[in-house]
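Below you'll find the structure, written out as structure tokens, and then a few comments.
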Amino acid sequence: MKHAQFSVDYPDRLVHPLQRGMMRDSPVDRAELLMWSPTADATTLFWFDGDRDAADALVSGVDSLVRAHFVEGAEGTYGFLHQRDYEFADPLLGVIADSRVIFLPPVVFHATGSVRFEAVGEVSALSAFYDDIAALGDLTVERVQPFDRRRSPSQLTDRQRAALETAVSTGYYEIPREGSVADVADALDCSTSTAGELLRKAEATVLREFVGSG
């Protein structure tokens, strides 16, 4: 069994309506589809890297939306969305339905147009899925590794990765320490408390991955 991470850019006709709104004029640069309902109704939990108003304005442009509830967090906004339809394009849904792989959350939508997602399956099944998706968009395989059921599928967010990279470049992890959380906050244009939280969450994710990999 293999665990693969993909990134794909679809032509406009296959872009999800929510991502199309991000690509046009939304302050939201990243939206993560964290969970989805196993039932017929399209109930999802999203995370948006913007405030409540930005998230609300973005999802209001999705025609199938029935209702939404938002909860603001330190780094962004969670959205519980109830829709009549998931609104993924039919050709894409056809490939997903015919595939012999399983998909792991999150599905990450970027305002640049790229979509990042992860899938698990046998090598032959992943290869066939790659061929089918590559026929629909510009597909890149970012990582392939053995599947470990104990490993969390969570990945660093763009902001967490930026915080770590900034901390390294400013000497925060040097011995003796040359940089500070305030330096990271200045570089990211955020508060010191937000920078500290970004670093703590990023460090926790990296350490869990390291310990889990043995």
List the number of the failed condition for Val120; all other conditions in (1) modelled with pLDDT of 90 or more; (2) under 24 Å from Arg20 (Cβ atoms); (3) surrounded by 14 or more Cβ atoms within 10 Å (Cβ to Cβ) hold. (2)
Can you tell me which residue in the range 24-81 is modelled with the lowest pLDDT, limited to those that are β-branched (Val, Ile, Thr) and more than 26 Å from Ser191 (Cβ to Cβ)? Thr39
I'd like to check something: does the range 80-89 contain any residue that is assigned to a strand (DSSP E or B) and either under 18 Å from the mean Cα position of the chain (by Cα) or without any contact (Cβ under 8 Å) to a residue 12 or more places away in the chain (or both)? yes
Of all strands (runs of 3 or more DSSP E) fully inside the range 1-75, the set with 3 or more residues that are of a type outside the set (Phe, Trp, Tyr) and closer than 30 Å to Phe147 by Cα is 2-9, 30-36, 42-48
Pick out the one residue from Ala187, Ala97 that is closer than 29 Å to Arg13 by Cα and surrounded by fewer than 18 Cβ atoms within 10 Å (Cβ to Cβ). Ala97
Do we find a residue being without any contact (Cβ under 8 Å) to a residue 60 or more places away in the chain and either among the polar types (S, T, N, Q) or in the same structural domain as Thr194 (by TED's automatic domain parsing) (or both) anywhere in the range 10-33? no
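The values are calculated or read from the model by the stated rules, or taken from the named source; none is laboratory data. These figures come from a predicted structure and were not determined experimentally. Methodologically, a virtual Cβ is constructed for each residue, glycine included, from the backbone with ideal geometry; neighbour enumeration extends over all protein chains shown.
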